[in-house]
Amino acid sequence: MSNSTLSSVSSEPARGAAAVAARPLLEIDNLSTHYVSARGSRVVRAVDDVSLRIKPGETLGIVGESGSGKSTLALSILRVLPTAAQIVSGQMWFEGEDLVRKSDAEMRHVRGKRIAMILQDPMASLNPLFTIGNQVGEPIRVHEGADRADAWRRARALLKSVHIPSPETRVTQFPHEMSGGMRQRIVGAIGISCEPRLLIADEPTTSLDLTIQAQYLNLLRELQREHGLALIFITHNLGIVAKMCDKLVVMYAGRVVESGPVARIFNAPAHPYTQALLNSIPRMSDNRRRLTAIEGQPPDLSALPRGCAFAARCPAAFDRCHNEAPPEFNLDGGRTARCWLASVAVQSGAA
Amino acid sequence: MSMSSETIVLPPSVSSRPAAIGLGDLPIIPVIILATIAFMAIFADVLAPHNPEVGSLTARFHPPFWQAGGNIDHLLGTDQLGRDVLSRLIFGARVSMVVGFTAVIFAGVVGTVLGILAGYLGGWVDQLIMRITDAWLALPALTFAIFLAAIVGPSMWNIVIILGLVYWTRYARVVRGEVLSLKEREFVRLAIVAGCSKMTIMRRHILPNVVNSAIVLATLMLGVVIVTEASLSFLGVGVPPPQPAWGLMLSDGKQGLMVGYWWLTVLPGCCIMLMVLSANLLGDWLRVKLDPQLRQL
């Protein structure tokens, strides 16, 4: 336990404390997205009371195990949820506009133009029947009404910016003529084609081998620098988070259990779940015979326990954890944690 | 046709072929057969040695010229009314070409559009279109066609519309199924997050990917349509006699088959078979041509 490293700044709710100089580009307040079964009998709280903010040019990592609501959160931001899912409450302020209240037609002008997204499997993200030029140019034609020649000219420039050799011939070729790494970079080029302010990358490197992964991450960073992009990076690879991100949000069972600057969280995780995640990274240097795993299973999102969702698996859980769900506590250095242990630290620090 | 990670990646020097559809490997035999049928259909008036609708009762059941009793005047013999079989085949090409192709295309366009709408939009649109399709399929095709023909009256163009109305459901079914799997594909999702409207996605991402299946189905449907047209003619609600149609000739000649008048059924049957087979082969070629991945192998 590393409670001793925590101290308090305030015991207000998380919202008020985050008074920062630069206005956030995207500010999500208490967002909840639920999947409702056809008869309404089962409600799965895929995203539950999530708040986060990201400033222009910043990189935010979202980590959590499968089913923790990372991807649903990303789809909620773009409002491209499957029909069974619904945003039930909360706000999403993006450049001063609430995305939750926008009409579908208005959202279409946000998607791809102001917020772009790279999907989980970029290998399959290209239409096999169209040339690369057509597909890279598509968002430009859709959003800016550019004609074909203009879109192709810009597609060539975009391919160049993602380091595709001889873009002049590549634009006339089809996806199956490209290697995996190239297709991935092409998907990246489609993402930035309309110069969005925010790029959401949903596990973009999971289907790639390691050398290409590193190349691609470097490319994303380069694009981010050049275009002043804010990046939301969804992953379950903490190594990538350490390399890429400024801030980190840890999700568990649809909720944000811990958030804050990456370095601080890595040095002194406040939530037992984050600690467990960091401990389960295999290291060459240690001589442990077995890898540390988190015992147990994540809870059923349609029947969450009364108390903290992690309590059943938590080595440090006490009575209160099982009976009362902890709110989000503000810790020092812009961190938050949803854990009663953090509250203990807050109070003892204040006393 | 799946676009997976293990697709073959060609080096750039090999693969920089133009995207346009080349005609170099056009399958030659089906093209010749279809071209001949089309030629016969267009120039029937010049080519046919006799009037196809007028016979002479004194010259009934003449066999083809190479058989005993045949003569050069009627190269492929005469039928039960003494009409020249060759002339009727030549004029029949006109009806079969027009009825076969236009009905298949008509049904294909209607069925594909409705199938895409049902599959992609889902919800009540899907329910509405697919329940209509189910009800439509529950009706026996031939009875339904007779019913429609009885309402609008038999003529060649009415038959085209009737056959289109009877068979669009097959396309709607196949296309909808295809769309249901396509819309879960990653490139459709990418188009959604890139801000494409539903119309754009259906037109640019869904339609080109279902055209292949629709073409394959169309080549199969061509045979069904021609045979249905024959059945309708046989029942007296098809292309009205004495206008010659291959299907009609086939059914008219049926009784003669038992007593050795084989040319009355075998010859129009061969014509139908050659046309359907050629259409199948050509459709297969087109399917490969429309898929950039298969095109270059």
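Filter segment A:286-337 for residues that are among the basic types (K, R) and surrounded by fewer than 17 Cβ atoms within 10 Å (Cβ to Cβ) and give the result.
Step one: list which residues in segment A:286-337 are among the basic types (K, R), which gives A:288-290, A:306, A:313, A:320, A:335.
Once the filter is applied, which keeps residues that are among the basic types (K, R) and surrounded by fewer than 17 Cβ atoms within 10 Å (Cβ to Cβ), segment A:286-337 yields A:R288, A:R289, A:R290, A:R306, A:R320.
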### Query
Exactly one of (1) within 11 Å of chain B (Cβ to nearest Cβ); (2) of a type outside the set (F, W, Y); (3) in contact (Cβ under 8 Å) with a residue 24 or more places away in the chain is unmet by A:A124. Its number?
(3)
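Among the listed residues A:D246, A:D300, A:D209, which satisfies the condition of being among the charged types (D, E, K, R) and more than 29 Å from A:M182 (Cα to Cα)? Can you show your working first?
On the way: A:D246 fails: more than 29 Å from A:M182 (Cα to Cα); A:D209 fails: more than 29 Å from A:M182 (Cα to Cα).
Testing whether each residue is among the charged types (D, E, K, R) and more than 29 Å from A:M182 (Cα to Cα) leaves just A:D300.
Yes or no, residue by residue, for (1) within 14 Å of chain A (Cβ to nearest Cβ); (2) crowded, with 20+ Cβ neighbours inside 10 Å; (3) at pLDDT 90 or above:
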| position | (1), (2), (3) |
| --- | --- |
| B:Y167 | no, yes, yes |
| B:V174 | no, no, yes |
| B:L180 | yes, no, yes |
| B:I206 | yes, yes, yes |
| B:V239 | no, yes, no |
### Task
Output the residue which, of all residues in segment A:130-166 that are at the interface with chain B (Cβ under 9 Å from one of its Cβ atoms) and either within 23 Å of A:L198 (Cβ to Cβ) or touching a residue at least 24 places away in the same chain (Cβ under 8 Å) (or both), is nearest to the chain's Cα centre (by Cα).
A:P139
### Message
Considering only residues that are under 30 Å from A:A84 (Cα atoms) and of a type in the set (G, A, S), which ones fall in segment A:302-322?
### Response
A:S302, A:A303, A:G307, A:A309, A:A311, A:A312
## Note on the structure
Of the residues in segment B:244-297, those that are within 25 Å of B:L26 (Cβ to Cβ), β-branched (V, I, T) and away from every other protein chain (no Cβ under 14 Å) come to B:I272, B:V276
### Summary
Selection from segment A:167-182 of residues surrounded by fewer than 19 Cβ atoms within 10 Å (Cβ to Cβ) and facing chain B (nearest Cβ under 8 Å) yields A:T169, A:T172, A:S179, A:G180
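Given the criteria aliphatic (A, V, I, L, M) and not in a helix (DSSP H, G or I), does B:V239 qualify?
Values: aliphatic (A, V, I, L, M): yes; not in a helix (DSSP H, G or I): yes.
Yes, satisfied.
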### Task
List every residue pair whose Cβ atoms sit under 7 Å apart, with the two residues 6 or more apart in sequence or on different chains, where the first one lies in segment A:22-34 and is farther than 16 Å from A:R79 by Cα and the second, anywhere, is among the aliphatic types (A, V, I, L, M).
A:P24/A:I54; A:L25/A:I54; A:L25/A:L198; A:L25/A:A230
### Message
So, A:A214, is that one within 14 Å of chain B (Cβ to nearest Cβ) and either of a type in the set (G, A, S) or surrounded by 19 or more Cβ atoms within 10 Å (Cβ to Cβ) (or both) or not?
### Response
no
### Query
If A:M284 passes every condition in (1) modelled with pLDDT of 80 or more; (2) over 27 Å from A:R42 (Cα atoms); (3) assigned to a loop (DSSP other than H, G, I, E, B) but one, which one does it miss?
(1)
### Task
Return a yes/no flag: does segment A:110-120 have any residue that is buried (at least 19 other Cβ atoms within 10 Å of the Cβ), more than 7 Å from chain B (Cβ to nearest Cβ), in contact with a Gly (Cβ under 8 Å, 6 or more places away or on another chain) and modelled with pLDDT under 90.
yes
### Any hit, segment A:88-98, residues being surrounded by fewer than 21 Cβ atoms within 10 Å (Cβ to Cβ), at pLDDT below 90 and within 13 Å of chain B (Cβ to nearest Cβ)
no
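If you check B:Q67 against the conditions, is it surrounded by fewer than 24 Cβ atoms within 10 Å (Cβ to Cβ), out of contact with any Pro (no Cβ under 8 Å at 6 or more places or on another chain), in contact (Cβ under 8 Å) with a residue 12 or more places away in the chain and not in a helix (DSSP H, G or I)? Don't jump to the end; show me each part of the working.
Values: surrounded by fewer than 24 Cβ atoms within 10 Å (Cβ to Cβ): yes; out of contact with any Pro (no Cβ under 8 Å at 6 or more places or on another chain): yes; in contact (Cβ under 8 Å) with a residue 12 or more places away in the chain: no; not in a helix (DSSP H, G or I): yes.
Here the answer is no, as B:Q67 does not meet what is asked.
On the given criteria, is A:L73 within 18 Å of the chain's Cα centre (by Cα), crowded, with 22+ Cβ neighbours inside 10 Å and in contact (Cβ under 8 Å) with a residue 60 or more places away in the chain?
Details: within 18 Å of the chain's Cα centre (by Cα): yes; crowded, with 22+ Cβ neighbours inside 10 Å: yes; in contact (Cβ under 8 Å) with a residue 60 or more places away in the chain: yes.
So A:L73 passes the test.
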### Task
Can you run down the residue pairs with Cβ atoms below 6 Å, 6 or more apart or on separate chains, where the first is in segment B:197-209 and at positive phi and the partner is surrounded by 19 or more Cβ atoms within 10 Å (Cβ to Cβ) and not in a helix (DSSP H, G or I)?
none
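Quick check on my filter: what residues within segment B:70-105 are hydroxyl-bearing (S, T, Y), part of a helix (DSSP H, G or I) and either over 25 Å from B:I215 (Cα atoms) or at pLDDT 85 or above (or both)?
Of segment B:70-105, the ones hydroxyl-bearing (S, T, Y) are B:78, B:87, B:96, B:102.
Imposing the further condition that a residue be part of a helix (DSSP H, G or I) reduces the set to B:87, B:96, B:102.
Answer for segment B:70-105, where residues must be hydroxyl-bearing (S, T, Y), part of a helix (DSSP H, G or I) and either over 25 Å from B:I215 (Cα atoms) or at pLDDT 85 or above (or both): B:S87, B:T102.
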### Message
Please pick out the residue among A:G239, A:G191 that is part of a helix (DSSP H, G or I), in contact with a Leu (Cβ under 9 Å, 6 or more places away or on another chain) and among the small types (G, A, S).
### Response
A:G191
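How about segment B:129-147: which of its residues are surrounded by fewer than 17 Cβ atoms within 10 Å (Cβ to Cβ), among the aliphatic types (A, V, I, L, M) and more than 20 Å from the chain's Cα centre (by Cα)?
In the first step, residues of segment B:129-147 are kept if they are surrounded by fewer than 17 Cβ atoms within 10 Å (Cβ to Cβ); the result is B:131-132, B:134-135, B:137-140, B:142-144, B:147.
Next, only the ones that are among the aliphatic types (A, V, I, L, M) stay: B:132, B:135, B:137-139, B:142.
Scanning segment B:129-147 gives B:I132, B:A135, B:A138, B:L139.
Results for (1) of a type in the set (V, I, T); (2) modelled with pLDDT under 85, shown as yes or no for each residue.
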| position | (1), (2) |
| --- | --- |
| B:V193 | yes, no |
| B:F234 | no, yes |
| B:L248 | no, yes |
| B:L281 | no, no |
| B:L294 | no, yes |
### Summary
Within segment A:266-292, the count of residues that are closer than 26 Å to A:T336 by Cβ and not aromatic (F, W, Y) comes to 15
### Query
Scanning segment A:19-49 for residues that are farther than 24 Å from A:A309 by Cα, surrounded by fewer than 14 Cβ atoms within 10 Å (Cβ to Cβ) and of a type outside the set (V, I, T), which turns out modelled with the lowest pLDDT?
A:A19
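Got at least one residue in segment A:183-203 being surrounded by fewer than 17 Cβ atoms within 10 Å (Cβ to Cβ), within 11 Å of another protein chain (Cβ to nearest Cβ) and over 22 Å from A:G57 (Cβ atoms)?
Narrowing segment A:183-203 to residues surrounded by fewer than 17 Cβ atoms within 10 Å (Cβ to Cβ): A:195.
Next, from what is left, pick out any that are within 11 Å of another protein chain (Cβ to nearest Cβ): none.
Within segment A:183-203, not a single residue is surrounded by fewer than 17 Cβ atoms within 10 Å (Cβ to Cβ), within 11 Å of another protein chain (Cβ to nearest Cβ) and over 22 Å from A:G57 (Cβ atoms).
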### Query
Which residues, taken from segment B:208-237, are more than 14 Å from chain A (Cβ to nearest Cβ) and not hydrophobic (A, V, I, L, M, F, W, C)?
B:T219, B:G223, B:T228, B:E229, B:S231, B:S233, B:G236
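The values are calculated or read from the model by the stated rules, or taken from the named source; none is laboratory data. All values reported here derive from a predicted model rather than from experimental measurement. When we count neighbours, we look across all protein chains shown, and the Cβ atoms used for this are built from the backbone with ideal geometry, even at glycine.
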